[in-house]
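Accompanying notes for the structure given below.
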Amino acid sequence: MIKGYVLVFTTSSAFESEAILKDLGITIKLVPTPREFSSDCGISVYFEASKEEFDIIPNALNSAKIEYEIKKI
C-alpha cells in the first residue's frame, strides 16, 4: 500500500483531484496540507493506493491539466 499526498496549487484543483481519484476507486480524503510540505493551497488530497492505482494517478491528473506534486509518506 502506498500512502501520500497530492499537493495542488488551488482549492478548485483540490476538489477536482478529489473527484478524479474517487472515480478511479482510489481511497482518498481532503485534508489540510501538512506543514512539512509546502503548497500554495492549504488543502491536499491524502491517498492510500496499491502500486497499480498509484501508477495511474499522474496520468489522470495530467489529463485534467492539474498542476500537482506527489509526496509519498
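A few notes on this one:
- Summary value for the range 9-59: 37 percent relative contact order, contacts being C-alpha pairs under 8 angstrom separated by 6+ residues.
- Karplus 3J(HN,Hα) series, Hz, for the range 12-23 with 6.51 cos²θ - 1.76 cosθ + 1.60 (x for Gly, Pro): 5, 5, 5, 5, 5, 4, 4, 5, 4, 5, 4, 4
- Ordered from highest to lowest accessible area with the whole protein assembly present and a 1.4 Å probe, Thr10, Thr33, Thr27 read as Thr27, Thr10, Thr33.
- In the chain, excluding the sites themselves, the longest stretch lacking any of the GluC sites (Glu not before Pro) that are in a DSSP loop with at most 14 other Cβ atoms within 10 Å is 1-35.
- Rolling a 1.4 Å probe over the protein heavy atoms gives the chain an accessible area of 60 Å² per residue.
- Exposure rule at most 13 other beta-carbon atoms within 10 Å, DSSP loop trypsin sites (Lys or Arg not before Pro): the chain longest free segment: 1-34
- Chain lengthening between Ile2 and Glu69 when straightened (0.36 nm per residue, less Cα-Cα): 22.6 nm
- Using only side-chain charges placed at the Cβ, +1 for Lys and Arg and -1 for Asp and Glu, the dipole size of the chain relative to its Cα centre rounds to 180 debye.
- The stretch between Arg35 and Ser12 holds 6.3 nm of extra length on full extension. This uses 0.36 nm per residue minus the Cα-Cα distance.
The values are calculated or read from the model by the stated rules, or taken from the named source; none is laboratory data. Note that the coordinates shown come from a computational prediction; the quantities given were computed from them, not determined experimentally. For neighbour counting, all protein chains shown are included, and Cβ atoms are generated from backbone atoms with ideal geometry for every residue, glycine included. Accessible surface is based on the protein model in full, side chains and every heavy atom, while ligands, DNA and RNA are left aside. Shrake-Rupley method; radii C 1.70, N 1.55, O 1.52, S 1.80 Å.
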